[in-house]
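The values are calculated or read from the model by the stated rules, or taken from the named source; none is laboratory data. Just so we're clear, the structure is a prediction, and the values are computed from it rather than from any experiment. So basically every Cβ, Gly included, is an ideal-geometry build from the backbone, and we count neighbours across all protein chains shown. Areas reflect the complete protein model, heavy atoms only, side chains present, ligands, DNA and RNA absent. Shrake-Rupley method; radii C 1.70, N 1.55, O 1.52, S 1.80 Å.
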Amino acid sequence: MLELDPIFDAISEWLASFLPPVVVTIVKGFGTAGVVLGVLSLFVLFFIWMERKVSAHMQQRLGPMRTGWHGALQTVADAVKLIQKEDLVPSDADRAVYFWAPVVCFAAALMAYLVIPFGEGLIVQDLNIGILYVIAITTFTVVSLLMAGWGSNNKWALLGGMRSAAQIVSYEVPLSMSLIGTIMIAESLSMITIVESQSGPFWNWFVFRQPIGFIVYFIAATAEANRTPFDIPEAEQELVAGFNVEYSGMKFAMFFLAEFINMFTISALAVTLFFGGWMAPFPFLDFIPSWIWFLAKAFTSVFVLMWFRWTYPRIRVDQLMGFAWKFLLPLAFLNIILTGIGIYIF
Amino acid sequence: MNLVKQTIDGIYNLLLGLGVTVKHLFKKAITVQYPKERWEMPERSRGVIVLLSDKETGKLNCTACMLCARACPVAAIKIEREKNPETKKFEPTSFDIDTTVCCYCGLCEQACNFSAIKLTGKYEFSVYDKDRLQYDMDFLQEIGRDVKYEKKKKVAKKAVKKAAQKKKEDKAGEEEKSQEKSATKPSAKADAAAEDEKPADSEQKEESKTEDKTGDDKNEPDSSEESESKKE
Amino acid sequence: MMETKGLRTEEFMVNMGPQHPSTHGVCKLVLKMDGELVKEIQPHVGYLHRSIEKIAENRTYAQIVPFTDRIDYCASMNSNHAYVEAVERMAEVEVPERAQYLRVIMAELNRIASHLLWLATFTIDLGAVTPFLYAFREREEIMDMFEMTCGQRLTYNYMKIGGVNWDIPKEFVPKAKQFLKILPGKVDEYEDLLTNNPILLYRTKGIGVLSSEKAIEYSASGPSIRASGVRWDIRKAEPYAVYDKFDFNIPVRYNGDVWDRYKIRLDEMRESAKIVEQAIDGLPEGDIAKKVPMTWKPKEGEVFCRIEAPRGEMAYHIISDGTNKPYRVKIRTGSFCNLQLLPAIATNHLIADLVAIFGSLDIVLPEVDR
Amino acid sequence: MDSESLLNHINELHKDIIINSELITDVPTIEVKPEHWVEVCSSLKKDVKTNLHSISNYGAVDYREKLGGFQLVLTIFSHKHKHRVTVKTLVPAQGDEEPEIDTVTTVWLSADWFEREIIELFGVKFKGHPDPRHLMLDDDWDEGFPLRRGWTGTDFIVKPEM
C-alpha cells in the first residue's frame, strides 16, 4: 500500500530538527500542495489527450497522431505553445479582475482535492466536514467566471459570465440536496467515513441505495463543471466562447485546465460518495492497490462525461434553469424523504 | 402519467443517442493521415494546370491558337505568339497562367484541340511567395513533363465516328470528352498501383480510347469556331 | 430603457458576426438585446458580394457556367442546372435525354450532399459536434462520385449548354447504388442520435414558428416553406428537365418550427435518394451533349426559368440581345428571401434560439450576396 | 388556368392600363406604365383568379440606350394556382438620372430586399420604401451604380476581348 503520510512525517521531523515549527507547517503545506498539483497535472494532461481521442474515435477520426505514441505528447506540445503565446489584454479591460479570474478559477478547482481520498490513507487532510468543504470550494468557480466575464469588457464574455452565475447558483442547490441522502446513511460528513461505510461487496455501494441521489448528483455536477450538454457559459455557437473569449496564452490554459480538474473532481466525488471510493467490488480483489480501484472508477466516470459531451446537443439557458428548479430539486427532496423512510424502517 | 411517459421516452432516446456514439467508438477511422497517406486522385481530377509537350521531340504541343485564352472565363491565360518562318506556323513565345485568378473550371482544356493544356491530378501547389503562382511557359512545361496523356487525334475523324456509332449499339457508350485515360497520380506509390491495374483493364482502355475520339468530335464546334475566328 | 429604483437595466447592441461561428459564413446580425432576449435583428449582408450579375454581362454564355458554381457552393450542380436550363429554354436548344438524366442524378445527389452539410452545421449550432462528422462522412461519398465524374469536389462546372461536360465513368453506377443502399440506414442513424432526443426537442419544438401566411408573404421557398404547410415544389409544380418521369413525394409538415424544418430535410434526403435510384435505373443510352459552339449567339430573347434548389427557388432571368454575351442576368436565390424573413420569426427569442433558427433556415451567404 | 387564358384574364382586368402583353416562354408577360405600377401589382395580388401572392423574382434592366429607361421586371406567382406572371414597367431615365417610382413593398413584404438591391445597384429610387439603405454595398459607397451598363469603378476590370 502506498502511504504518503509516513514519508511526509519523516520529512517534517527532519525539518523540525533545525527549523521553527511555523516554518515546518508552511513547508509541509506547500509540499503536499506540490504533490497534489503534480499528480493532478499529470491526470489533466491525460484527460485532455483522452478527450481528444474519445471524441475523435466517436466521430470516426483518429485525433492527434503525430506527437508521441498516438499523439500522447500533444497536450504537452499545446501547453508549451500556450506558454509561449503573447498574453493579450483588451485595452478597456478591468485589468486586476481580468488578471485574477483564471487564478481564482484554478485555485478553486485545486483546493477541492484537499479532502478527496485517492486510496486507503491517500488523503491530504481528512476533514470532518469533507463534503461541505468540497461543495463550498467548488462554488468559487462562479466567482472566477463572473470576474472573467466582467473583466474582459466584452459583451459576449459578460453574457457568458452571467449565464455561469445563474447556472452554478441554480445547480448548487440540487447538488447539495442530492448528497444529503448519502450523508444520512453514512452519518458523517467525512469522506473517509463515507467510503468506509460502503465497504464489502459492490452492492453495498451507495449508488444502489441512493439511485435517485446519484442521478441528481451526476446531472447537477455535470452542470457545475460546465460540461456539455450544460456548457452554456461557453456555448461556442452562441456566445463565441463565452467568458473566456478574450483570454489567450497561459490565462486561457488555466481556465482550460480548471475545467478538466473540475471534471475529475466531480468524478472523484461521485466515486467516493456513490461507488465505494477505493473499495474493490469484491473483497477478494483487495490485493489490487486501492488507488488503482479509485482511479479506474474515476476514469470510467470521466469517460461517461466525455461520452455525454460528444453525443448531446446543448440545452438552452432558460430550460437549464427550469430543469434544475422544477425537476432536479423536487427529485432531490423526494430522495431525502425516501431515505428518511428507509432509515426509519431498517 | 404523461410526464412519466415523457421522462421514460426521453431517457430511452438519450440512451439511443449514447448507443450510436459508442458504436462508432469501435469503428475504423475514415480519415486519412494526410502527408503520410495520400488519396489516389481520380483521373479526371482538375488540379494544377500544365502544358504538355511531345514525348519524342520534347517540344510543346501548343500551337498558340489562343483558343484556351479565349475560353478562359477569368482571363488567366496570356499568350504571345510568333510565326515560325520555317514552318509558317504559330509558336507561343510566352504562355503565362495567373493561377491566383484561375478557377480550375477546365474550359481551356475542353477548348484545346492539340492536347496542349491539361488540368492534372496534382494538388499541392501552395507556395510561400504569391509571385510564384504566376506560372510561365517553362514552368508549365516542366511540371507537365511527367504527365501521361493521349494525344487527341483529329485525323480520320469521320471513320472513327462511324466505328464508334456501331460500337455504341452493342455497348454502353462511355464517351468522355477531352479526357486522357492515364492521368497523373499524386505519388510514385500511387503510380505503381496504377501500373499494377493496367493489365487488368487494358482491354477496356482500348475500347474507351476509340470512344474517346467520339468525345473528341464533340469538340468539333470548337474547332469550327476556331476557323471562324481565323476568318474574323 | 427601463428604469427602476436603484436597479437599472439597459438594452444593448451586439454585433453577431461577420465572424461568428454560427452565422455560416460572413453575415452580420446587429442584435438589440435585453439580456439574453433578442429584441431586434438587422441582417447585414454583402460581405461576399462578387457581383456575378455584372461579371456575367461581359462573359460568353459558356463562360458563365463556372461562375454559377460559386453562387451556392453547397449545391453547385443545382445552380449549374438552373443556368443551363434557362439558357436552353431561351434559345430552344434540345438536350439529349441521357444528359437530362445525368443532370437529374447529379442535382439530386447534390441536394443530398447539401442537406447533409446543412445537418452537419445545424447540429453544431445546437452544440452537438459528433453528427457533424457523421454527415460529412456520407457527404464525402457524394463528393467522391462527383470528383470521379467531373474532377472537382466543390465547383463542378459539370453542365454545359446543350448537355453535360462528361459522361459518368464506369465505377460511378456501382458506387452510387452502394451509396443509395446505405444512405437510408445512415439517415436513420442521425434520427436515432437526434430526432427524438429530448434536448433537441426542447431546443427546436415550437421555436421560430413560420406560419404559412408569413411564409407566403415573405416569398419563402424550399424546405422552409414546405415545413410551414405549403405543398410547393417546383419539381412537381413546373417540372423541368425530366422530373416528371420520376415518382417521388414532397414531404410537407405543418408546424413551421425549427424541428419541422429539420425533419423535412431528412425526409427530403430519402426522397432524393429515390429519384437518383430511379434515374440510374432508367438512364438511357445516347449522346451526352448537343453541339453548341463555345461562342454561340442565341437569338434575341428573354427567359425566366426557375428550379428547385436545396435552399429553395433558384431562378435565372436572362436577357439576350443577340450577341454572344447576355445583356442581363438576374439571379434569384432561395437564401436571399429566406434570410429576409429571419427578423420576422426570430425576434423575441433567446439568442440560443436565434442560432437554431438561423441554422434551420439553411442560409448560404454567397447565395444571398451572389 | 393555362397561360393563355390567364393572360386574357389579366388583359381584361386592366384593359386600359396594359400597354403590351405577350407570352414569353409560356409565361404571361404584361407591361404597364410606371404610374399604374403599384395599382396593377396590388390588384394582381388581390384578384381571386390570379391571386399572385409571392414574388419569384424582382429585378431591373438597364435599357437606357434602347428604350430610354430602366425596366423593372417583377415575376410573381401563386402557390395555389401554380401559375406565374411577369409584370414589367419602364422607368424613364437618361444619363446619370436617378428616376423614382412607387414601391411595391406595400403589396409584398418580400419586395423589400429586392428593391434595396435595385436602389443601390441601378440607382432607381423607390418612393415610400421603408428602409432604403444599401444592402450589398458599403454604406459609404460613392462609385455610382455598378449594374448600370458601362459603369466603371476603381477596381473594376472589364475582361479583355481576345
_Which of the strands (runs of 3 or more DSSP E) found entirely inside the range D:24-112 contain at least 1 residues meeting this: closer than 27 Å to C:Lys236 by Cβ, in contact with a His (Cβ under 8 Å, 6 or more places away or on another chain) and among the hydroxyl-bearing types (Ser, Thr, Tyr)?_
D:54-63, D:69-78
*Just checking, which of D:Ser5, D:Ser42 is exposed (fewer than 15 other Cβ atoms within 10 Å of the Cβ) and in contact (Cβ under 8 Å) with a residue 24 or more places away in the chain?*
D:Ser42
*Qualifying positions in the range C:310-324 - under 21 Å from the mean Cα position of the chain (by Cα) and among the acidic types (Asp, Glu)*: C:Glu313
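Results for (1) among the hydrophobic types (A, V, I, L, M, F, W, C); (2) surrounded by fewer than 22 Cβ atoms within 10 Å (Cβ to Cβ); (3) in contact with a Ser or Thr (Cβ under 8 Å, 6 or more places away or on another chain), shown as yes or no for each residue.
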| position | (1), (2), (3) |
| --- | --- |
| D:Ser78 | no, yes, yes |
| D:Glu100 | no, yes, no |
| D:Ala111 | yes, no, yes |
| D:Arg116 | no, yes, no |
| D:Gly153 | no, yes, no |
*Among the listed residues A:Leu88, A:Leu175, which satisfies the condition of being assigned to a loop (DSSP other than H, G, I, E, B), touching a helix residue (DSSP H, G or I) at 6+ places or on another chain (Cβ under 8 Å) and in contact (Cβ under 8 Å) with a residue 24 or more places away in the chain?*
A:Leu88
*Some residue of the range A:215-222 being over 23 Å from A:Ala109 (Cβ atoms), in contact (Cβ under 8 Å) with a residue 24 or more places away in the chain and touching a Phe, Trp or Tyr at 6+ places or on another chain (Cβ under 7 Å)*: no
_Yes/no for C:Pro66 being within 12 Å of another protein chain (Cβ to nearest Cβ), assigned to a loop (DSSP other than H, G, I, E, B) and not aliphatic (A, V, I, L, M)_ = no
*Residue ID - nearest to A:Trp291 (Cα to Cα), chosen from residues in the range A:111-132 that are open to solvent by 40 Å² or more (accessible area, probe 1.4 Å) and assigned to a helix (DSSP H, G or I)*: A:Leu114
_Tally up the residues in the range A:55-85 that are open to solvent by 20 Å² or more (accessible area, probe 1.4 Å), assigned to a helix (DSSP H, G or I) and more than 14 Å from chain C (Cβ to nearest Cβ), please._
12
_I'd like to verify a number: residues in the range C:33-76 that are open to solvent by 20 Å² or more (accessible area, probe 1.4 Å) and closer than 30 Å to C:Asp353 by Cβ, how many?_
12
_Suppose we filter the range D:63-89 for residues that are within 14 Å of chain C (Cβ to nearest Cβ) and under 11 Å from the mean Cα position of the chain (by Cα); how many remain?_
10
*Quick one: would you say C:Ala237 is of a type outside the set (Asp, Glu) and away from chain D (no Cβ under 14 Å)?*
no
*So which residues in the range A:91-110 are in a helix (DSSP H, G or I), small (Gly, Ala, Ser) and more than 20 Å from the chain's Cα centre (by Cα), if there are any at all?*
A:Ala96
*What helices (runs of 4 or more DSSP H), lying completely within the range C:70-181, carry at least 3 residues that are aliphatic (A, V, I, L, M) and within 14 Å of chain A (Cβ to nearest Cβ)?*
C:97-125
_Considering only residues that are surrounded by fewer than 22 Cβ atoms within 10 Å (Cβ to Cβ) and touching a residue at least 40 places away in the same chain (Cβ under 8 Å), which ones fall in the range B:122-139?_
B:Lys122, B:Tyr123, B:Glu124, B:Phe125, B:Asp136, B:Met137
*Kindly indicate which of A:Ile180, A:Ile194, A:Ile168 is open to solvent by 20 Å² or more (accessible area, probe 1.4 Å) and either part of a loop (DSSP other than H, G, I, E, B) or away from chain C (no Cβ under 14 Å) (or both).*
A:Ile180
_Any hit, the range C:290-307, residues being within 19 Å of the chain's Cα centre (by Cα) and farther than 30 Å from B:Arg70 by Cβ_ = yes
_Among the residues that make up the range C:273-287, is at least one of them within 20 Å of C:Ala241 (Cα to Cα), open to solvent by 10 Å² or more (accessible area, probe 1.4 Å), among the small types (Gly, Ala, Ser) and away from chain D (no Cβ under 11 Å)?_
yes
_Qualifying positions in the range A:18-54 - open to solvent by 50 Å² or more (accessible area, probe 1.4 Å) and either hydroxyl-bearing (Ser, Thr, Tyr) or not in a helix (DSSP H, G or I) (or both)_ = A:Phe18, A:Leu19, A:Pro20, A:Thr25, A:Ser41
_Only listed residue being in contact with a His (Cβ under 9 Å, 6 or more places away or on another chain) and among the polar types (S, T, N, Q), chosen from C:Thr155, C:Thr121_ = C:Thr121
*Test each condition in (1) modelled with pLDDT of 85 or more; (2) open to solvent by less than 20 Å² (accessible area, probe 1.4 Å); (3) within 14 Å of another protein chain (Cβ to nearest Cβ) for C:Asp260 and report the one that comes out false.*
(3)
*Give the number of residues within the range D:121-150 that are open to solvent by less than 40 Å² (accessible area, probe 1.4 Å) and either more than 25 Å from C:Ala56 (Cα to Cα) or more than 9 Å from chain C (Cβ to nearest Cβ) (or both).*
7
_Filter result for the condition that a residue is open to solvent by 50 Å² or more (accessible area, probe 1.4 Å) and in contact (Cβ under 8 Å) with a residue 24 or more places away in the chain, over C:Lys170, C:Lys177_ = C:Lys177
